[in-house]
Every structure is written in structure tokens, then in C-alpha cells.
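Take a look at the structure set out below.
The values are calculated or read from the model by the stated rules, or taken from the named source; none is laboratory data. Everything numeric here is computed off the predicted structure, so don't read it as measured data. Cβ placement follows ideal geometry from the backbone for every residue including glycine, while neighbour counts extend to all protein chains displayed.
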Amino acid sequence: MSQTLSVNCTALTFTALRNVPLVRSGDDLAAIILDACEESKETLCDGDILLLAQKIVSKAEGMTVNLADVIPTETAIRLAKESNKDPRLVEVILGESNEVVRHREGAIIVENHHGMVLANAGIDASNVEQEGGETVLLLPNDPDLSCAQLRNEIKKRSGKEVGVVINDSLGRAFRNGTAGAALGVAGVPALVDLSGETDLFNRPLRVTQVAIADELAAAASLLMGQASEGRPIILLKGFVCDAQNGTAKDLVRHRKHDLFRDIKQ
């Protein structure tokens with residue numbers, strides 16, 4: 001179903017909130033966000049969007065695994081040999097995956113439980129406090145739900161209707177490097193189908209879809225950084241769009257439309 005997309009703004013303001021503490025399991029993310037807004041002298045307004053690094057959401061939700069506690073199966077051991085990875089890590093990757101799409105030495109590409117195709121099911125150890133060098137961090141169990149719950153909690157405490165996006169840096173199959181992508185979305189348009197709209201010369205658009213949430217996530221990634229920057233919360237002001245709100249599930253291509261994997265019925 002096509003939608004009319006009108007982005008009614010000519011300038012956006014992305015601000016990295018200051019003095020965000022290291023997040024640990026059980027921490028109150030809503031309180032951390034509101035405190036960071038105060039520290040940054042930023043006032044939340046209706047329509048603002050909060051873009052959060054995936055890692056702080058996963059940490060708050062306790063999505064860590066100590067590899068010392070993992071016993072790899074024969075399947076994991078075999079795949080670990082072929083990919084030159086720790087068998088325990090491979091076991092965790094398999095536990096978070098629907099299928100292994102491709103693998104080679106140094107790389108395991110899977111479809112995870114959210115339907116996203118990505119390396120290592122999104123599991124890694126960067127910017128994760130270690131217990132003997134054995135701790136890895138998983139993606140949230142349900143990123144869309146995490147966004148919705150956080151959005152509701154912020155509304156309760158601040159009275160403001162904001163959007164929430166969980167952002168992660170993902171590789172692309174035919175492009176080098178990573179780019180920000182939306183893992184979870186609430187209160188923000190995610191995917192807008194412009195089929196049937198016309199261009200400047202009145203030609204109809206046939207297959208144009210805009211991944212709005214991914215575009216916002218990619219912009220926020222520039223401020224978040226990838227290493228030791230410590231800027232996991234970005235506040236976006238000025239984005240006004242008349243498209244319907246969506247979820248990150250809208251951004252996952254259905255298997256029947258996938259031209260690059262063998263479709264097994």
C-alpha cells in the first residue's frame with residue numbers, strides 16, 4: 001500500500017547527549033536519558049527522536065553471555081573450524097540464528113531471530129566490560145518492544161511523545177564498511193512506499209521505498225562513533241514527517257522477495 005511522504009523540515013539538529021554513564025544490567029535507561037538531557041541542557045519536546053546505540057539497550061537488558069559457561073555442540077565445533085572462530089562463540093551465534101547464510105574463514109553471516117542478515121548474529125565484545133576476556137553481548141530479544149517500552153516510560157516521566165530508534169552499525173553485502181541501521185523503532189516512520197507518486201516531470205514512481213528509520217540511524221552513527229567516543233544517545237530535533245509510524249520489522253525483506261539466497265520451500 002503506497003503512502004504519501006512529506007518531510008516538512010529543511011534543517012535537522014542531531015545532538016550527542018553528554019555525560020552518559022557506562023550502562024550495566026538492570027539500569028534504568030529512561031532515567032539515564034532524562035538525566036543526560038538535563039546535563040546537556042536539552043529539553044525534550046513532542047516529536048523529538050531519541051536514537052540509542054544498541055549496546056546500551058542490550059546491556060540494560062542483561063544480554064551478556066560469558067563464554068566460559070558455554071559448551072559448544074558438534075555443529076558449532078565444525079563451523080568454528082571452517083571459520084577459524086572460537087567454538088563457544090559460534091555456539092552462541094547459532095543460538096541466536098535461524099540459519100547460516102554464508103561462512104568462510106573469519107566470517108559467519110546468519111539470518112538472526114529478527115530476520116536480519118548480519119555477521120555473527122550481531123554478537124560482539126567491543127565496548128563490553130569483560131569478565132576475564134570472556135563476555136560477549138547479544139542484541140535485544142525484541143528491539144521494537146524495547147523501543148515501545150522506553151517510549152512509554154519517557155512519556156510517563158516527561159509528558160512528551162518522542163520517537164525511539166535502536167541503532168547498530170551493520171555491514172552491507174555489496175558495500176565495504178558499516179553504516180547505521182535501525183534495529184528497533186517506535187513512534188517513527190520506518191519504511192514508506194512511494195509507488196504511484198510522481199517525480200518532478202510527472203513520471204510515476206514504480207518501486208520506490210524509503211527506509212526512513214535507517215537513514216536517521218545512519219546520520220546518528222556519525223555522532224555516536226565506533227570506538228571510545230562514549231556518545232550512545234543522540235537527540236534529533238526538527239524531523240517532521242506525515243508518514244505513518246512503523247517498526248523495524250517493516251525494514252526486513254521477506255524471504256520470498258530475496259533474490260540473493262536460495263529459496264527452499
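Values as computed for the structure displayed
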quantity: Test for L94: is it at pLDDT 95 or above and outside the structural domain of V20 (by TED's automatic domain parsing); calculated: yes
quantity: Selected residue (only one of A186, A190 is more than 20 Å from A60 (Cα to Cα) and either charged (D, E, K, R) or in contact with a helix residue (DSSP H, G or I) (Cβ under 9 Å, 6 or more places away or on another chain) (or both)); calculated: A190
quantity: When residues of the stretch 108-134 are limited to those that are surrounded by 16 or more Cβ atoms within 10 Å (Cβ to Cβ) and among the polar types (S, T, N, Q), the one nearest to Q54 (Cα to Cα); calculated: N127
quantity: The stretch 177-188 residues that are farther than 13 Å from T247 by Cα, paired with ones that are buried (at least 24 other Cβ atoms within 10 Å of the Cβ) (beta carbon under 7 Å, 6 or more apart); calculated: G180/N167; G180/A217; G180/A220
quantity: Filtered residue count, the stretch 51-89, keeping only those that are more than 18 Å from A182 (Cα to Cα), in a helix (DSSP H, G or I) and touching a strand residue (DSSP E or B) at 6+ places or on another chain (Cβ under 7 Å); calculated: 5
quantity: Check on S25, within 20 Å of N127 (Cβ to Cβ), loosely packed, with under 15 Cβ neighbours inside 10 Å, among the hydroxyl-bearing types (S, T, Y) and touching a residue at least 12 places away in the same chain (Cβ under 8 Å); calculated: yes
